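Read through the structure below, which is laid out as structure tokens, and then see the notes.
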Amino acid sequence: MNDTPSLRQLWDSGATTRGGWLSIPSTVTAEAVARAGFDYVCIDTQHGAIEYSDCVDLIQAVLLGGSRPIVRVPWNEQGIIGKMLDAGAQGAIVPMVNSVKEAEAVVRSCRYAPDGARSYGPGLVAPRTDGDYVDWARKNIAVIPMIETVHALESIDEILAVPGIDAVYVGPADLSLTLGLPAGNNDDDESFAAALTTIVDACERAGVVAGIHANGALTARRVAAGFRMVTVAADAVVLRAGLARELATSLESDTADGDGSLY
């Protein structure tokens, strides 16, 4: 783990990072996503079918695949955040952070004293670092609150002024819902586009990385807008789309000659 630059080190170097997303509790899927070449792979325990016991194995699979495991936790709760970091997550995405108080709670959960209140006990992750894990964690764990509501937008500068925040992550679906729009990306709507601009501009003022949930087709647009952490693909979404595409192709060509072989 020490040989691979962390997300924070990549961001400090000015890099834009592209990630994969896991909602299927499969180590096979996790390793495949990691081996695709993503800068990070996020294990989603808020939505999807993944529990803590799955995360231990999924983190190992992501590391085996050569990527950086981070976790979206179910909620802004200190115990589960610490447990995920102890399991080896190199960052925590924390949903529905709408105030300075809630942002401060995220930092406390992720940072050891004197910068926070994370309890010491990294039994699973410490052997993956050479030397002092506490020192490694202070330099490398990524603290990533989610900005996904109108209420958060109203306090964006104050939230980003909280010491210890490395990035924020936009959830387009919840942001859209609080704007009175359908869940999803609504780039043609002025209020949605303005909200993204507000977040990116605030991040640039604060020296914080702007992150967002996207897809392959949207990535170039998001990067051009100033986002430096962009999730490109999610396992379940890509699986469904790929299977549907292959089925459609088969139906279009089911009268063609073939040898009957799958391989």
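Just so you know, all these numbers are worked out from the coordinates, no wet-lab data involved. Being a predicted model, the structure only gives us computed values, none of them experimental. Virtual Cβ from ideal backbone geometry, glycine too; neighbours counted across all protein chains shown.
Miscellaneous remarks
- The rule of thumb for compact globular proteins, 2.2 N^0.38 Å, goes into the C-alpha radius of gyration of the chain 1.05 times.
- Rounded tilt (10° steps) of 100-110 against the dominant C-alpha axis of the chain: 80 degrees
- Spin-label model, Ser119/Ala193: points 7 Å from Cα along the beta carbon direction are separated by 4.9 nm.
- With the highest mean first, a sort of the peptides 112-121, 79-88 on other beta-carbon atoms found within 10 angstrom per residue produces 79-88, 112-121.
- The long axis of helix 235-252 is offset from the longest Cα principal axis of the chain by roughly 10 degrees.
- Residue-wise HN-Hα coupling along region 135-142, computed from phi with Karplus coefficients 6.51, -1.76, 1.60 (Hz; x: Gly, Pro): 5, 4, 4, 4, 8, 10, 5, 8
- The distance between label points at Arg240 and Asp157 comes to 4.0 nm (points 7 Å beyond Cα on the Cα→Cβ vector).
- Helical runs assigned H by DSSP (4 residues or longer) give the chain a calculated mean residue ellipticity at 222 nm of -13000 deg cm²/dmol, each run adding -39500 (n - 2.57) before division by the residue total.
- Within-14-Å neighbourhood charge of Ala234 [Cβ basis; K, R +1; D, E -1]: +1
- With a cut-off of 11 Å between beta carbons, the residues surrounding Ala30 carry a summed charge of -3, where Lys and Arg count +1 and Asp and Glu -1.
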